[in-house]
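Note sheet for the following structure.
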Amino acid sequence: MYKTGWIVNGPNLNMLGFRSKEHYGSETYSQLMDSLINYGKSLNLELQAFQSNHEGEIIDKLHTLVKEKCDFIILNMGALSHYSIAIYDALEMVKVPMIEVHLSNIYAREEFRKTSLFTKLCLGQITGFKERSYYLAIDYLAQLEEK
Ligand code: DQA
C-alpha cells in the first residue's frame, strides 16, 4: 500500500537556485520537489510538497495534516527552525513520524543556526547534504514499518 506524506518547507526555500549554492545546492525549488516526488513514487511513497514564506500559513497547513490522512512529514522550516515556538506547538499535535532536514550543515554556520527547536519532535535530523538531505529522509521513511 502507498504511504502518503508531505514535504513542508518554510521561508525562502522557494528561492532555491537563487540562494547560495555552496549552502543550498543548485536546483530550483520546483526541480527539487518534482524529483523528490518522483523518487518517492519509485519507493511506493506518495509525496506532496508545500512551501510558504508565512509562519501562519505553515501553521494552518500543519493543522490540516493533524486532521487528514498523512503518514509522515519531512520538514525544512528554514529560519523558523531556529526560533518559532508557534510552529513547535503545531508540530507537537502531529502524531505521525517526522524527519527534519536542512540542505546546509546548520552546525557549521552562524551560531544562531545551531539550535533547532523541532529536532526533539522528530525521529531525527539530516543536515548538510544539500539536496541529498531530503532523499536520505525519503529512504528512511520508505523502509519504516507501519505500526
Ligand atoms: C536551512 C537552514 C536555515 O538556517 C536557513 O535559514 C534556511 C535553510 C537549510 O535547509 O539549510 O533557510 O533550513
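Here is how the numbers come out for the structure above:
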item	result
Residue list for the range 44-81, filter: within 24 Å of Y2 (Cβ to Cβ), assigned to a helix (DSSP H, G or I) and of a type in the set (A, V, I, L, M, F, W, C)	L62, L65, V66
Residue among M77, M33 that is within 15 Å of the ligand (Cβ to nearest atom), within 15 Å of M98 (Cβ to Cβ) and of a type outside the set (G, A, S)	M77
Meets criteria (of a type in the set (D, E) and open to solvent by 10 Å² or more (accessible area, probe 1.4 Å)) for E100	no
In the range 43-64, residue farthest from the ligand (Cβ to nearest atom) [restricted to those that are in contact (Cβ under 8 Å) with a residue 12 or more places away in the chain and of a type in the set (D, E)]	E46
Looking only at the range 103-113, and only at residues there that are over 20 Å from R132 (Cα atoms) and within 10 Å of the ligand (Cβ to nearest atom), the one that is least open to solvent (accessible area, probe 1.4 Å)	E110
Count of the range 23-42 residues which are open to solvent by 60 Å² or more (accessible area, probe 1.4 Å) and in contact (Cβ under 8 Å) with a residue 12 or more places away in the chain	2
Candidate set from the range 88-102 (those that are of a type in the set (V, I, T) and assigned to a strand (DSSP E or B)); member that is nearest to the ligand (Cβ to nearest atom)	V101
Close pairs (8 angstrom Cβ cut-off, 6 or more residues apart or separate chains): at positive phi in the range 73-90, modelled with pLDDT of 95 or more and open to solvent by 30 Å² or more (accessible area, probe 1.4 Å) anywhere	G78/N12
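The values are calculated or read from the model by the stated rules, or taken from the named source; none is laboratory data. Remember, predicted model here, so these are calculated numbers, not experimental data. Positions of Cβ are generated from backbone atoms using ideal geometry, with glycine treated the same way; all protein chains shown enter the neighbour counts. What goes into the accessible areas is simple: the full protein's heavy atoms, side chains included, and nothing from ligands, DNA or RNA. Shrake-Rupley method; radii C 1.70, N 1.55, O 1.52, S 1.80 Å.
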